[in-house]
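S.K.: To start, I am sharing the structure in question, which I have written as structure tokens.
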């Protein structure tokens, strides 16, 4: 099949879209990592680098009015859903122009205008919100769907199980997307659950699941499309497990004193870099030249440099407004 | 147009508020365990399913974190959910969705998201329901910026405060008192609102201010009547909401009476009484003729035995004794 059609029937504009979204995430994160390392940004940083195919693959199947919820490792989801990079960086810097006006930080980027119902600092915390967004859509007679993103570690917490059961019992349009990067923080999967495939958990809630190579953006897109279409057609919730890997540590960009992953393991996954893989397929299929791909990187780099400048030039929040938005008045 | 005022029960006043709120706003829906087909374990939701159907009155699995979290997401997307937590004591299993999510989304997301969620629940002791079905945990929630916490003390207040809670664009927790569910009182038929954050001066008095909460309000009124027979005039303030707290009404009263007693069912240690006492000494120290006194439960779980439970919960006799202790102190 790949000989005849390495893109599995996806039209070129979708392929280019996948590529652009992945490059945007990668560069956003790499530059954020540098700023963190240089001490120019406060707080924690949970980089999404390595997992780009999942966010891009799923988000290219969603409409703007479809709602997602995200995690502490949420920059990739926000970028892929179409968030403005200027307001994202501004939030990372804690500036007044940030998505959260400097009140949330890296773990709370949100933009309801593009259906991004927030990243969440509590593991599993956002999953029930996606179920609620799906309920609201059905209640109002809309055909939008909701997609909570979460990691393998989050499937051990009650919020995941309660949400899966609720969505199933209520027949809500939710696609539960598990990004299985093999680690719950620093604990490998085989020490935090006794099953190999998180997708097995879907069966206990009476919902179907698919497992997909999370380093293959085309495969993620195709699987997500099937499940999103199913949900939109009123056929209920489902689960997608994408096997993926994060190239950086749980937090920050430097290695930790505890070698919980081997260099061999990291290198083997990096050899399967989803962006490199897609570019090879694009060039071999004649969809793009190496120069075309390079131009996406350099154009995105320019956009990111401008966004960082916007963020650094932005004003800090005014302490006189510290109590703003504690309540809706 | 004036409508009739009838005597109805505390729980019926609650049901009537919901009936009228759902008629007024199609985005109001009720979510909880056994609220639809069974009508709620205290019959607080009787008749709602018949009137509004299963789209708007939803039975859930026993999944408090799940359905309250679902309520948060639905509220953020434009609905006005009323989620029911069967017993206040069950709040622990859902707490993250309340204090980390519902309470914080507005602030944490930079103001773009409102969470008009009402959480209704039943608290309080006095029914031999034991240590896990009797607690008064309002101080936990009042400590969290972003939440509002309401404890109605009469049928009239239940209806008016419930209307205000559901119409409010913030997450509001309404704690019904289980032992008061069958108590009767005058309630107007029409829909009306009692503003959140305004205490109610139920009885004016010049000698002592008694600041009370929930079921301790009628107990305080009984105590005040007893004391009036001896010529002592007690001012009784029903806080109605503990977050926001109506500090102005408390302070104005204490500056006149110069003596204050705070009474609630929750354990005294770290309770709302501690906050009220601290505010009075910070803002009205020079007016005080006696230390502010707190009356609450001892530092123990709520016991099951009726004998032990009676010993545990404050009542009008202990309120009378507390007021007399305050009056023994001479001013000046």
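Only the coordinates and a few stated rules stand behind these numbers; no lab work does. As the structure is a prediction and not an experimental result, all values here were calculated from the model. Cβ placement follows ideal geometry from the backbone for every residue including glycine, while neighbour counts extend to all protein chains displayed.
S.K.: Quick one: plug the Kirkwood hydrodynamic radius of region B:112-165 (C-alpha pairs) into Stokes-Einstein at 20 °C, 1.002 mPa s, and report D in µm²/s.
M.R.: 164
S.K.: Taking only C-alpha pairs under 8 Å that are 6+ residues apart, what is the relative contact order of region A:1-141 in percent?
M.R.: For region A:1-141, the relative contact order is 21 percent.
S.K.: Something else now. Would you tell me the mean number of C-beta atoms belonging to other protein chains that fall within 10 Å of each C-beta in A:156-163, as a whole number?
M.R.: Shielding by partners across A:156-163 averages 5.
S.K.: Let me ask something additional. Is there a simple number for the mean count of other chain Cβ atoms within 10 Å of the Cβ of residues in B:27-37, and what is it?
M.R.: Per residue, the average neighbour count from other chains is 1.
S.K.: What ranking of B:269, A:28, A:93, B:90 emerges when the number of other C-beta atoms within 10 Å of each C-beta is taken as an exposure proxy, fewest first?
M.R.: Exposure proxy ranking, most exposed first: B:269, B:90, A:93, A:28.
S.K.: When DSSP assigns beta bridges and you keep just the ones with both residues in region B:5-188, what percent turn out antiparallel, to the nearest 5?
M.R.: Within region B:5-188, antiparallel bridges account for around 20 percent of the total.
S.K.: Let me ask something else about it. So how far apart, in nm, are the two label points at residue A:294 and residue A:263 if each is 7 Å from Cα heading toward Cβ?
M.R.: 3.0
S.K.: Something else: State whether region A:12-306 is rounded, prolate or oblate according to the following rule on the C-alpha gyration tensor (a ≥ b ≥ c being the square roots of its eigenvalues): a/c under 1.5 gives rounded; otherwise a/b larger than b/c gives prolate, and the remaining case gives oblate.
M.R.: Verdict is rounded for region A:12-306.
S.K.: Where a ≥ b ≥ c are the square roots of the eigenvalues of the C-alpha gyration tensor, would you call region A:120-168 rounded, which needs a/c under 1.5, or, failing that, prolate if a/b is larger than b/c, or oblate?
M.R.: prolate
S.K.: Would you compute, from DSSP H runs of 4+ residues alone, the mean residue ellipticity of the protein assembly as shown at 222 nm, taking -39500 (n - 2.57) per run and dividing by the full residue count, rounded to the nearest 500?
M.R.: Calculated from helices alone, the mean residue ellipticity at 222 nm is -11500 deg cm²/dmol.
S.K.: What is the angle, in °, between the Cα long axis of helix B:247-257 and the longest principal axis of the Cα atoms in chain B? Nearest 10 is fine, range 0 to 90.
M.R.: Between helix and principal axis, roughly 20 degrees.
S.K.: For the protein assembly as shown, just the Cα atoms, rotate onto the principal axes and tell me the three extents in Å, largest first.
M.R.: 98, 54, 51
S.K.: Can I ask one more? Note down the relative contact order for region A:12-306 as a percent, whole number, built from C-alpha pairs under 8 angstrom at least six residues apart.
M.R.: Contact order relative to length: 22 percent.
S.K.: Compute from the Cα atoms of region B:1-107 the Rg and the Dmax, the latter being the longest Cα-Cα distance, and quote both in angstrom.
M.R.: 14.6, 45
S.K.: Using 1/(1 + (r/R0)^6) with R0 = 51 angstrom and r between the beta carbons of residue B:300 and residue B:25, what's the FRET efficiency to the nearest 0.05?
M.R.: Efficiency, rounded to the nearest 0.05: 0.75.
S.K.: Which percentage, to the nearest 5, of the DSSP beta bridges contained in the protein assembly as shown is antiparallel?
M.R.: Rounded to the nearest five, the antiparallel share is 20 percent.
S.K.: Taking the Cβ of each residue in A:193, A:88 as the centre, tally the other Cβ atoms inside 10 Å and list the residues starting with the fewest.
M.R.: Result, fewest neighbours first: A:193, A:88.
S.K.: When the convex hull of the C-alpha atoms of chain B is computed, what volume per residue in Å³ does it have?
M.R.: Each residue corresponds to 137 Å³ of Cα convex hull volume.
S.K.: For region A:113-247, state the semi-axes of the equivalent ellipsoid (square roots of 5 times the eigenvalues of the alpha-carbon gyration tensor), sorted largest first and rounded to whole angstrom.
M.R.: Value: 23, 16, 14 Å, ordered largest first.
S.K.: How far apart, in nm, are the 7 Å Cα→Cβ label points at residue B:41 and residue A:270?
M.R.: It works out to 5.6 nm between the two label points.
S.K.: Quick check: the angle from helix B:155-167's long axis to the longest principal axis of chain B, C-alpha only, nearest 10 degrees?
M.R.: It is inclined by approximately 50 degrees.
S.K.: Moving on. Per 10 Å bin, what percent of the C-alpha pairs of region B:5-188 does each bin hold, from zero upward?
M.R.: All Cα pairs, binned at 10 Å, distribute as 10, 41, 38, 10, 1 percent.
S.K.: Cut-off is 10 Å between beta-carbons; in what order do A:262, B:257 appear when sorted fewest neighbours first?
M.R.: By the 10 Å Cβ count, ascending: A:262, B:257.
S.K.: Taking a ≥ b ≥ c as the square roots of the Cα gyration tensor eigenvalues, with a/c under 1.5 meaning rounded and otherwise prolate when a/b beats b/c, else oblate, which class fits region A:1-151?
M.R.: oblate
S.K.: Which order, highest average first, do B:52-64, B:122-134 follow once you tally other Cβ atoms within 10 Å for each residue and take the mean per peptide?
M.R.: Descending packing order for the listed peptides: B:122-134, B:52-64.
S.K.: Within a 10 angstrom radius of each residue's Cβ in B:91-98, how many Cβ atoms of other chains show up on average? Whole number is fine.
M.R.: Mean shielding count: 3.
S.K.: Another question about this same structure. In Å, what is the Rg of the alpha-carbon atoms in region B:130-189, and how long is Dmax?
M.R.: Answer for region B:130-189, Rg first and Dmax second: 12.8, 37 Å.
S.K.: Just for region B:200-328, what percent of DSSP beta bridges are antiparallel, to the closest 5?
M.R.: Here the share of antiparallel DSSP bridges comes out near 20 percent.
S.K.: In degrees, nearest 10, range 0 to 90: what is the angle between the Cα axis of helix B:316-328 and the longest Cα principal axis of chain B?
M.R.: Orientation of helix B:316-328: about 40 degrees from the principal axis.
S.K.: Take every Cα pair under 8 Å in chain B that's 6+ residues apart, average their separations, divide by the length, and report that relative contact order as a whole percent.
M.R.: RCO, chain B: 16 percent.
S.K.: Applying a 10 Å radius around every beta-carbon, put A:212-223, B:243-254 in order of their mean neighbour count, most first.
M.R.: With the highest mean Cβ count within 10 Å placed first, the list reads A:212-223, B:243-254.
S.K.: Let me ask another. Starting from the Cα of residue B:127, step 7 Å toward the Cβ, then list every residue of region B:211-233 with an amide N under 11 Å from that point.
M.R.: Output list for this probe position: empty.
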